[in-house]
Every structure is written in C-alpha cells, then in structure tokens.
Amino acid sequence: MIKKILKNTVVYTIGDFLVVAISGILLLPYYTRIMSVDEYAEYGVVNSLIVLLTFVIQFGIVSTFSRFYFLQGSDERKKIYIGQLLLLQASLTIVVVIALLLMKSFLLMEIISSIDNEKLFYCAIIISICGFLNAMYSAYLRILERPKSFVLFQLISIILYVLFIIIFRFFEFDGLEAVVYALMVSTIIMWCVSWYGIPYSFSFVDIGKTVKETFIFATPVFIAYIMYYCLNKFNILLLQGIVDKRQLAMFTFALQLSTIVTVIAGSAGKAVQPALYKLDKIDVFNVSKKLAWYYKLVMSMLVFIFIFFSENIILFFAPPDFLESQSLLRILILSAFIYNIRSVEASLFFYFKKTRWSLYMTSFSALVVVGSSIIFVPIYGAEASAYAILLGSFAGFLCNRFFSRKLRVIGT
C-alpha cells in the first residue's frame with residue numbers, strides 16, 4: 001500500500017510541478033531575457049495579482065471537493081455534488097468580479113500601481129476565473145487515481161502556454177504581454193477541456209446542505225490561503241511604493257526561484273491528501289510518517305544544492321545582473337524549506353477535519369511576516385522583506401509541531 005501511495009504521490013507531484021515549475025521557474029531564463037528589468041518587476045506584480053484573485057475566486061472549494069467527494073454515495077449524487085459546487089463558485093465569481101470592477105481605479109492607482117497596462121488587470125481576472133474549473137478537474141483526476149490522465153492534462157496545459165508565448169512573440173508583442181496573454185489563452189482552452197471532462201449534473205436538491213458544508217469547511221481553508229499569500233506575495237505589493245523597479249525585480253526573481261521548494265511541497269501535499277483520506281485512523285499515522293521521511297530527505301537535498309550553488313543557479317536562470325539577488329535567494333530558499341518541511345504532517349489536519357489548525361498556523365506566520373515587513377521594509381528595503389518571510393516561516397514551523405503533537409493525542 002505504501003509503495004502505491006508513494007508512486008502516485010510522485011506522479012501527481014511531477015504533474016503539478018510541470019505546470020507551475022515550467023511556467024514559473026524553468027521559463028525564467030526566457031522571461032529574464034525577453035523582458036527588461038522594469039517589465040520583469042511589473043510581471044511580478046501581475047503574477048501576484050493572479051495568485052491573489054485565484055485564492056479569492058476558488059475560496060477553498062477545491063479542497064472541500066477533495067475531502068467530501070467520497071462521502072457522496074452514488075455516482076449520480078457525486079455528479080450533482082460537482083454541479084452544485086460549480087453553481088456556488090459561479091455565484092461567488094459574479095460577486096468578486098463586480099467588486100473588482102467597482103474598485104478598479106483604486107486598485108490600479110494604490111494597490112497595483114506598477115501595472116502600466118490596464119489590459120493586464122483584466123487578463124488576471126480571466127485567468128483566475130478559468131483556473132477554478134481547471135483546478136477542480138485536476139483534483140478530480142487525483143481523487144480517481146488517474147495519474148496518467150493527470151500528467152497528460154498538465155502537459156497539454158504547459159505545451160499550449162509555451163506555444164502561445166512563441167506565437168505572440170512572433171507577432172511582435174512585448175515580452176510581458178506575450179507571457180500574460182499566452183497564459184490567458186492556454187487557461188481558457190484548458191477550461192474548455194475541464195468542462196468537457198468533469199462529470200456534473202445541475203440540481204438544487206439538498207443544495208442548502210452542500211453550501212453549508214462547503215462554507216464550513218472551505219472558509220478556514222480560504223482564510224489560510226489568504227494568510228499564505230501574505231507570507232510572500234504580499235511583500236511584492238508592499239515593495240512597489242518603497243523600492244525602485246530594479247530592486248523589486250531582484251526580489252521578485254529570488255522569490256520566484258525559491259518557489260521551487262514551495263511547488264514541490266504543495267504538489268506533494270495535494271497528491272498525498274486523497275490517498276490518506278481512504279485510510280483508517282491507525283494506518284494514516286504510520287503511512288504519513290513513512291511518506292514524510294522520504295519527502296524530507298528529498299527536500300533537504302534540494303535546499304542544500306540551491307544554497308551552496310546559488311550563484312551558478314542564478315546565472316543559469318538569468319543574466320549576470322541578477323546576481324544582485326543571491327543573498328535574497330538564499331534567505332528565501334531557507335524560508336520555504338523551514339515552512340514546508342512538515343507538509344505531509346499538515347495533511348493530517350484535513351484528514352481529521354481540523355482545518356482551523358491549518359488556519360491558525362498560517363495566520364500566525366502571516367501576521368509575523370506582515371507585521372515585521374510593515375515595520376522594517378520601509379527602512380531596510382528588500383532584504384528586510386526576505387528576513388521577515390524567514391521569521392514567519394520559523395513561526396509556522398513551530399506551530400506545525402505543536403498542532404501535530406496535539407493531533408496524535410486526539411487520533412490515538
């Protein structure tokens with residue numbers, strides 16, 4: 001059993017990694033060469049906006065879907081459940097879009113002032129909206145343990161993204177525009193694939209129960225996502241009005257490159273959860289312990305390589321100008337490692353329906369980051385922002401250990 005779970009975990013992790021890593025990390029050598037430093041700084045702000053809107057629009061519904069799908073009984077009831085989640089998310093999306101349009105002027109002038117092209121604001125909204133169904137379909141493939149279909153879905157997504165970047169560059173779009181437009185078009189196409197592939201049936205039978213269950217489970221997850229956003233992406237928005245675009249670009253580059261640790265951790269966590277949900281309380285601790293050992297070994301080796309060979313890694317991903325980001329990269333890599341080293345153990349919070357614990361852990365870490373950033377970043381700039389993230393990661397690690405020990409007492 002442990003071998004099968006480990007095998008599927010690796011496959012799903014690779015699938016998620018392909019999309020996020022290629023679009024966000026492995027294409028960095030291309031990004032940093034087709035964009036000017038100022039454009040790359042603006043790209044960081046656009047990317048942060050997309051992440052924030054994605055968290056808001058998804059509202060933790062995908063995590064709820066993964067947890068409650070197996071409890072729906074018949075296949076027909078499962079289709080109805082998916083349809084009701086789609087209706088709920090559509091309603092939330094309408095509210096969010098109306099709010100964004102009403103606040104557009106304020107957002108462009110105060111919150112995302114580095115974005116010079118208003119079209120990129122609308123692109124970010126479209127990408128976030130379409131990304132929900134894509135995430136649902138990916139979760140559906142994980143739940144049914146279809147690793148080959150999952151990886152194929154992710155591969156098609158990234159191939160389309162790269163293809164459209166090439167197409168837009170061929171028609172002489174600017175580097176930043178080509179990247180954002182390509183992401184939007186490829187996301188829309190994969191939305192169509194997801195709509196065709198995921199089984200659903202619209203029905204209002206027991207929809208009140210579905211909505212109630214979803215909000216109870218998803219609200220802490222949603223808040224945790226927002227708090228997690230504050231752990232790193234928040235600092236990009238904060239730095240806009242404090243440092244110049246060059247420093248913002250250096251911080252954005254270091255943060256984006258350090259996310260390789262976060263991507264692997266997040267992908268492994270999402271891959272592990274459906275497998276753990278099928279186990280009883282006795283087996284789940286033993287299996288998670290073994291999975292955690294393998295996970296920590298791989299993560300430790302990865303971080304060692306990134307810290308001690310950071311200069312070579314930076315030169316591989318960017319021109320020599322970006323060597324200015326080396327100290328920031330080391331701090332942020334260490335931060336990501338400390339915060340995510342216990343991701344497998346954190347998956348048990350969802351198994352035992354202790355989503356609030358995840359919320360408490362992430363919220364405390366986020367408050368540490370935001371508080372220290374607001375105090376020190378205006379004085380010391382980007383480096384203070386990196387140290388604030390490191391401090392918040394250590395706070396999250398301590399919280400994780402505390403709640404994991406408490407969970408073992410409850411579970412046994």
- line: Residue hits (segment 68-82; surrounded by fewer than 17 Cβ atoms within 10 Å (Cβ to Cβ) and modelled with pLDDT of 80 or more) are E76, R77
- request: Just give me the residues in segment 198-212 being surrounded by fewer than 19 Cβ atoms within 10 Å (Cβ to Cβ) and under 11 Å from I61 (Cβ atoms), in sequence order.
  value: V211
message: What are the pairs with Cβ atoms under 9 angstrom where one residue, in segment 196-211, is of a type outside the set (S, T, Y) and the other, located anywhere, is loosely packed, with under 11 Cβ neighbours inside 10 Å? Sequence gap at least six, or different chains.
response: P199/D75
message: For E110, only one of the following conditions fails: (1) surrounded by fewer than 19 Cβ atoms within 10 Å (Cβ to Cβ); (2) touching a Cys at 6+ places or on another chain (Cβ under 6 Å). What is its number?
response: (2)
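Would you mind finding the one in S363, S385, S393 that is crowded, with 19+ Cβ neighbours inside 10 Å, of a type in the set (S, T, Y) and modelled with pLDDT of 90 or more?
Working: S363 fails: modelled with pLDDT of 90 or more; S393 fails: modelled with pLDDT of 90 or more.
On inspection, the qualifying residue turns out to be S385.
Among what's in segment 118-137 and is of a type outside the set (D, E) and free of Cβ contacts under 8 Å to residues at least 60 places away in the same chain, pick the residue that is farthest from L176 (Cα to Cα).
Taking segment 118-137 as the starting set, the residues that turn out to be of a type outside the set (D, E) are 119-137.
Now narrow it down to the ones that are free of Cβ contacts under 8 Å to residues at least 60 places away in the same chain: 119, 122.
Numbers: K119: 12, Y122: 14 Å.
Within segment 118-137, the match that is farthest from L176 (Cα to Cα) is Y122.
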query: Residue check: is E39 surrounded by fewer than 22 Cβ atoms within 10 Å (Cβ to Cβ), closer than 30 Å to P320 by Cβ, charged (D, E, K, R) and in contact (Cβ under 8 Å) with a residue 24 or more places away in the chain?
result: yes
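Restricted to segment 52-67, and to residues that are of a type outside the set (G, A, S) and closer than 16 Å to I82 by Cα, which residue is modelled with the lowest pLDDT? I'd like the intermediate steps shown before the answer.
Let us first name the residues in segment 52-67 that are of a type outside the set (G, A, S), namely 52-59, 61-62, 64-65, 67.
Next, only the ones that are closer than 16 Å to I82 by Cα stay: 58-59, 61-62, 64-65, 67.
Values: Q58: 87, F59: 86, I61: 86, V62: 85, T64: 82, F65: 82, R67: 76.
Applying the filter and picking the extreme gives R67.
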task: For I115, state whether it is outside any helix (DSSP H, G or I), closer than 29 Å to N235 by Cα and either under 22 Å from the mean Cα position of the chain (by Cα) or without any contact (Cβ under 8 Å) to a residue 60 or more places away in the chain (or both).
output: yes
- line: Matching residues in segment 353-381 (over 20 Å from T262 (Cα atoms) and among the aliphatic types (A, V, I, L, M)) number 4
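Looking at this structure, is S186 within 30 Å of Y81 (Cβ to Cβ), surrounded by 22 or more Cβ atoms within 10 Å (Cβ to Cβ) and either out of contact with any Lys or Arg (no Cβ under 6 Å at 6 or more places or on another chain) or not hydrophobic (A, V, I, L, M, F, W, C) (or both)?
Values: within 30 Å of Y81 (Cβ to Cβ): yes; surrounded by 22 or more Cβ atoms within 10 Å (Cβ to Cβ): yes; either out of contact with any Lys or Arg (no Cβ under 6 Å at 6 or more places or on another chain) or not hydrophobic (A, V, I, L, M, F, W, C) (or both): yes.
Answer is yes for this residue.
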message: Quick check on segment 239-248. Is at least one of its residues crowded, with 23+ Cβ neighbours inside 10 Å and at pLDDT 85 or above?
response: yes
- prompt: So which residues in segment 31-75 are closer than 15 Å to D116 by Cβ, β-branched (V, I, T) and within 20 Å of the chain's Cα centre (by Cα), if there are any at all?
  reply: V45, V46
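The values are calculated or read from the model by the stated rules, or taken from the named source; none is laboratory data. These figures come from a predicted structure and were not determined experimentally. In this analysis, Cβ positions are derived from the backbone assuming ideal geometry, glycine residues included, and neighbour counts consider all displayed protein chains.
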